[in-house]
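A quick write-up on the structure given underneath.
The values are calculated or read from the model by the stated rules, or taken from the named source; none is laboratory data. Here the structure is a predicted model, which means the values were calculated and not measured. Every residue, glycine among them, receives a Cβ derived from its backbone with ideal geometry; neighbour counts consider all protein chains shown. These accessible areas exclude ligands, DNA and RNA; they are computed on the full protein's heavy atoms, side chains included. Shrake-Rupley method; radii C 1.70, N 1.55, O 1.52, S 1.80 Å.
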Amino acid sequence: MEKGKIKVTAEDIFPVIKKFLYSDHEIFIRELVSNATDAILKLKTLISLGKVKKKINDLIIEIILNKENKILKIIDNGIGMTKKEVDKYINKIAFSGAEEFLKKYKNKKSLIGNFGLGFYSSFMVSDKVEIISKSYKDYESAIHWICDGSTNFYLKKIDTPTKSGTEIILHINDSSKEFLEENRIKELLIKYCKFMPIPIKIGEREEIKKNKNGIEKKIKVNNIINNPSPIWIKNPINVKDEEYINFYKELYPMQIENPLFWIHLNIDHPFKLTGVLFFPKIRNQIEIQRDKIQLYQNQVYVTDNLEGIVPDFLNFLKGVIDSPDIPLNVSRSYLQSDSSVKKISGYITRKVADKLENMCKNNREDFEKKWEDIKIIIEYGMISDPNFYSKAKKFALYPDINKKYFILEEYIEHIKNTNKLKNNKILCFYTSNLENQNYYIQTIKNKGYKILLLDSPLVGHLLQKIEMDYKNLNFYRVDSDKINKILKNEKKNISNLSENEIIFLKKILNQNIDKEKFLIKIEDLDDSSLPFIITIPEFIRRMKEISMTGNNMFNIKNFNSKYNIIVNKNHKFIKKIINEKDLNIQKKMIKNSLNLIMLSQNLLKGKELTDFMYQSFENI
Ligand SMILES: Nc1ncnc2c1ncn2[C@@H]1O[C@H](COP(=O)(O)OP(=O)(O)OP(=O)(O)O)[C@@H](O)[C@H]1O
């Protein structure tokens, strides 16, 4: 028996590990199962090189719980350790054995990466830890190592086991009793180890099997908790659509809808990355927050908090990203500034854009069908990521009010004769709601202009961006103040009101309309226009939309946010108001007109709305 002191640079590293290194105690299971996986992958490499004779199919990790004795065991039949190796890799901690192995067998097989002080995380949950290990080298005897969480250890050679592998025995401490519960351990194995590359067994389960005579019989089989070959590590050519959908359901059991489509990522240079990203059918906010993209490192779960790792808009997607180049167990701010993480983020964005461009080019009809479900993600990407914006120009779609879809360049071509002004500017009219803005749509359509239907909540942001890019384009919602100009009567002086009547009209309107809320404009519109309409200054409305969707740069209080009331002095109803002798009736006519146009813009609320309803029924 050898007694000794664990060599650490800091005097006593355990309190540090216990308190600060891992705030999440539960990750010890990830670290130990990763080590076991690593040991088996190393052995697999040696088997494939012909250096060890063993069946690859038998390689397995087993988790055994003994609640009574407060023991949790992690057993693998991997490469094992000699006494010398334990001394080197366990006693002199912070020395990565994996690194040395990698150097020796470079490019042979990917290994679980650099986990820092992985093994020592077991002391976060244990009073005492034992290692029983037997190296794959026949002439080496097995060893037994014991440590009680101080820097002292015991290490001795033993006669059994004779087969290679390692057994880590954790004597779970009183404050970590939860880790003796089978359900808790299963839950953690599913969280962290669901896709690890070696089968992980916890207990047994019953399976019904038919014998030769067709008689069903219950038999006990290993309860394997993980899926060692998830689709993202497979060659996309060999994966069927059905498998992608099943995998999506495996990742997110709560998702009812199938994904719309997916992107299989697979890159070797300049960094290694695999994964599958799904475009979900977004039904509600909760699903966006709950079912996020999961980050793995060589099939070991790391996190689903990818903030700063992938661009924000990609957080709407779902799926898996797996890269050995993403460092583990480091702070988020470090991750965000890490250059390989930045490259990864750029690469994923490009891949997503390429996929969308291909879909749009190669199967436009299908892409158009999917557009309404994916537009929010793409528009968000266009607003927030300049690189994505320039790529998305080639596939972002804009439907018109007849639900015909255009790429912006196509639309410009489509409207260049109808919507172009004398100064070469192109007016892109759009509606955000076919029903609510029907009057405005009809009016503009009748004038021969074409209209888009842009109803996403991000449209204000997006149009700002497009107008900066295309200097000759101007977007106006159909109810914006711009329509006064196009509704203007081209024949001059057709107004049938005298100067005096106009002065009088202004006076009575000013007396009856709240000037804090509305700006009254008396205009020469053609006689097919209504006597009163409300328009909204395009710029102010857009800034309001932008600030409502979370951009604090625009403080809407700084804007004059009055609505315009356009009074069509050519309408006979206006003449009727002027000629009305009974002041009460005249007041009522103005008030009711105002209520009507406010109602049309959803501005009539509360008591005013109730009063208007009573009033209207009385009139009927
Ligand atoms: N189950 C095991 N079988 C064989 N060797 C093991 C096992 N567990 C640990 N080791 C050896 O002990 C070393 C130290 O393990 P530890 O988890 O502390 O760090 P690591 O795995 O090398 O590095 P990191 O955790 O940073 O990836 C390993 O590199 C490996 O050589």
Self-check item: Candidates Leu41, Leu32, filtered to the one that is touching a Pro at 6+ places or on another chain (Cβ under 8 Å), within 13 Å of the ligand (Cβ to nearest atom) and either assigned to a helix (DSSP H, G or I) or farther than 18 Å from Val300 by Cβ (or both)
Solution: Leu41
Practice problem: Give just the number: which of (1) near the ligand (Cβ under 10 Å from one of its atoms); (2) of a type in the set (D, E, K, R); (3) open to solvent by 30 Å² or more (accessible area, probe 1.4 Å) does Asp76 not satisfy? | Solution: (3)
Practice problem: Report those helices (runs of 4 or more DSSP H) wholly inside region 374-466 carrying at least 1 residues which are within 21 Å of the chain's Cα centre (by Cα). | Solution: 386-392
Practice problem: Go over the candidates Trp262, Trp232 one by one and state the one that is aromatic (Phe, Trp, Tyr) and open to solvent by 30 Å² or more (accessible area, probe 1.4 Å). | Solution: Trp262
Self-check item: Unique residue being among the polar types (S, T, N, Q) and assigned to a loop (DSSP other than H, G, I, E, B) when the list is Ser150, Ser122
Solution: Ser150
Quiz item: Which residues, taken from region 44-71, are more than 14 Å from the ligand (Cβ to nearest atom) and within 25 Å of Ile27 (Cβ to Cβ)?
Solution: Ile64, Leu65, Asn66, Lys67, Asn69, Lys70, Ile71
Quiz item: Which residues, counting only those in region 153-167, are part of a loop (DSSP other than H, G, I, E, B) and without any contact (Cβ under 8 Å) to a residue 60 or more places away in the chain?
Solution: Asp159, Thr160, Pro161, Thr162
Exercise. Inspect all residues belonging to region 183-194 and state whether any of them is assigned by TED's automatic domain parsing to the domain that holds Leu72, farther than 23 Å from Ser323 by Cα, touching a helix residue (DSSP H, G or I) at 6+ places or on another chain (Cβ under 7 Å) and at pLDDT 95 or above.
Key: yes
Exercise. Test Asn222 against the criterion of being assigned by TED's automatic domain parsing to the domain that holds Tyr301, open to solvent by 60 Å² or more (accessible area, probe 1.4 Å) and within 30 Å of Thr274 (Cα to Cα), and give yes or no.
Key: no
Exercise. Could you check region 215-330 for strands (runs of 3 or more DSSP E) lying wholly inside it with 2 or more residues that are free of Cβ contacts under 8 Å to residues at least 60 places away in the same chain?
Key: 216-224, 261-267, 273-279, 294-297, 300-303
Quiz item: Which is modelled with pLDDT of 85 or more, out of contact with any helix residue (DSSP H, G or I) (no Cβ under 7 Å at 6 or more places or on another chain) and of a type outside the set (Asp, Glu), of Lys272, Lys292?
Solution: Lys272
